[in-house]
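Below you'll find the structure I mean.
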Amino acid sequence: MTFSSEEKEILYYVEISSAIPSFLGTSFICLAYIYFKELRGFTFRLVVYLAIADMFTALSFAVPHYLSQELCLIQALVLNYSSLASVLWTSVIAFTLYRGVVNEEMELEGSEINCIFFAWGIPLLLEFLPFITESYGYAEGWCWIKIQNLESDINFQSATYRYGMIWRMVTYYIPLWIVIIYNCLVYWKVTNRVMETMDDVSSDNRTRHLILNRLRLYPFILVFCQVPVTIHRIYAFFDYNELAMFILAICAGFFLLINGFLNAFVYGFTDSVKQSIRKRLYPEEFVQIRNANTLFGSVESQSALFLGSTLM
């Protein structure tokens, strides 16, 4: 059986409380882009696109889906689109960083339109697939792609289950884990390149650790937040103990939503952003941070936005 109305309401309030930090963090990134003109470069726009996707994920959990099927459908549509878009934008950022740091490409902005078509367009195309089999509905904690009909026991032989499992894999989990593997490989190569570069220039250990730790955090955040969500859905494929599913739904919802906050903090709250804030708050005491090329030499300076590698 699906969760009771009381259980759905409890899950809703737990999820919306987890969505608040994500919404605030992503809002900060968007406001920083609007307010600070010096941040309106290509690389920070990619971070803003990621923040927008995460913001819509957070907003989707503000929809009281348990009140009506129409609200449930709204949440399912927004969540299905924004969650995949967020994942794809992390791969775009990884790819851009690879081009700037490893390939040392100087002209990156020309690829922005392709990035937009990739990260916003693919989720839009996949959005229509579950409509074919009417697979949007209540899905073990919130509304997404259902694998059972409302108020009925799960039937592992039913068409609802088969189609739901297929669409979940096609529209989210297969792309998700392809991106996770890709991001890990890319950041491994970028980290090696940065270490080689830093060995060739004078740099203190503190700076070295800050840069390398940030690089390691990028792929780790996606894995850290998506593993509980994946476990939650895998469990639903093979078993359906209501108490276990309720606990897993709480954990999965929390990690899915905190992903937006962590993305905003790690990708967005860089030295460039902090520098802009300090410049506005303390203009008379502001000291210009040295250009990132002092550290990286020939490495593309735009990558410093992601690395947070500018020096005081």
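Give the residues of segment 125-142 that are surrounded by 15 or more Cβ atoms within 10 Å (Cβ to Cβ) and of a type outside the set (Asp, Glu), sorted by residue number.
If the condition is that a residue be surrounded by 15 or more Cβ atoms within 10 Å (Cβ to Cβ) and of a type outside the set (Asp, Glu), then Leu126, Leu129, Pro130, Thr133, Ser135, Tyr136, Gly137, Tyr138, Ala139, Gly141, Trp142 are the ones that fit.
If you don't mind, another one. When segment 72-107 is examined, which residues are found to be aromatic (Phe, Trp, Tyr), without any contact (Cβ under 8 Å) to a residue 60 or more places away in the chain and closer than 15 Å to Phe44 by Cα?
Selection gives Trp89 alone.
Also: Can you find even one residue in segment 48-58 that is part of a helix (DSSP H, G or I) and more than 23 Å from Thr96 (Cβ to Cβ)?
Yes, segment 48-58 contains at least one residue that is part of a helix (DSSP H, G or I) and more than 23 Å from Thr96 (Cβ to Cβ).
Only one of these is under 18 Å from the mean Cα position of the chain (by Cα), modelled with pLDDT of 90 or more and not in a helix (DSSP H, G or I): Trp177, Trp144. Name it.
The unique qualifying residue is Trp144.
Among the listed residues Ala53, Ala58, identify the single one that is of a type outside the set (Asp, Glu), closer than 16 Å to Glu112 by Cβ, modelled with pLDDT of 90 or more and crowded, with 22+ Cβ neighbours inside 10 Å.
Going through Ala53, Ala58 in turn, the sole match is Ala53.
Has segment 62-71 got any residue that is among the polar types (S, T, N, Q), part of a helix (DSSP H, G or I), more than 23 Å from Phe95 (Cβ to Cβ) and in contact with a helix residue (DSSP H, G or I) (Cβ under 9 Å, 6 or more places away or on another chain)?
Scanning segment 62-71 turns up no residue that is among the polar types (S, T, N, Q), part of a helix (DSSP H, G or I), more than 23 Å from Phe95 (Cβ to Cβ) and in contact with a helix residue (DSSP H, G or I) (Cβ under 9 Å, 6 or more places away or on another chain).
Can you report the number of residues in segment 29-41 which are under 13 Å from Ser272 (Cβ atoms), assigned to a helix (DSSP H, G or I) and in contact with a helix residue (DSSP H, G or I) (Cβ under 7 Å, 6 or more places away or on another chain)?
5
So, in segment 167-199, how many residues would count as being free of Cβ contacts under 8 Å to residues at least 40 places away in the same chain and touching a strand residue (DSSP E or B) at 6+ places or on another chain (Cβ under 9 Å)?
Within segment 167-199, residues that are free of Cβ contacts under 8 Å to residues at least 40 places away in the same chain and touching a strand residue (DSSP E or B) at 6+ places or on another chain (Cβ under 9 Å) number 1.
Okay, moving on. Identify, please: which residue in segment 249-275 is small (Gly, Ala, Ser) and at pLDDT below 80 and is, among those, farthest from the chain's Cα centre (by Cα)?
Ser272
Looking at Leu97, Leu46, Leu88, which is the one that is modelled with pLDDT under 90, within 19 Å of Asn263 (Cα to Cα) and surrounded by 17 or more Cβ atoms within 10 Å (Cβ to Cβ)?
Checking each option against the conditions leaves just Leu97.
In addition: Could you please let me know if Val78 is surrounded by fewer than 24 Cβ atoms within 10 Å (Cβ to Cβ), over 16 Å from the mean Cα position of the chain (by Cα) and over 14 Å from Tyr267 (Cβ atoms)?
Considered against the rule, which asks whether it is surrounded by fewer than 24 Cβ atoms within 10 Å (Cβ to Cβ), over 16 Å from the mean Cα position of the chain (by Cα) and over 14 Å from Tyr267 (Cβ atoms), Val78 comes out as no.
The values are calculated or read from the model by the stated rules, or taken from the named source; none is laboratory data. Just so we're clear, the structure is a prediction, and the values are computed from it rather than from any experiment. Every residue, glycine as well, gets a Cβ built from its backbone with ideal geometry; the counts of neighbours run over all protein chains shown.
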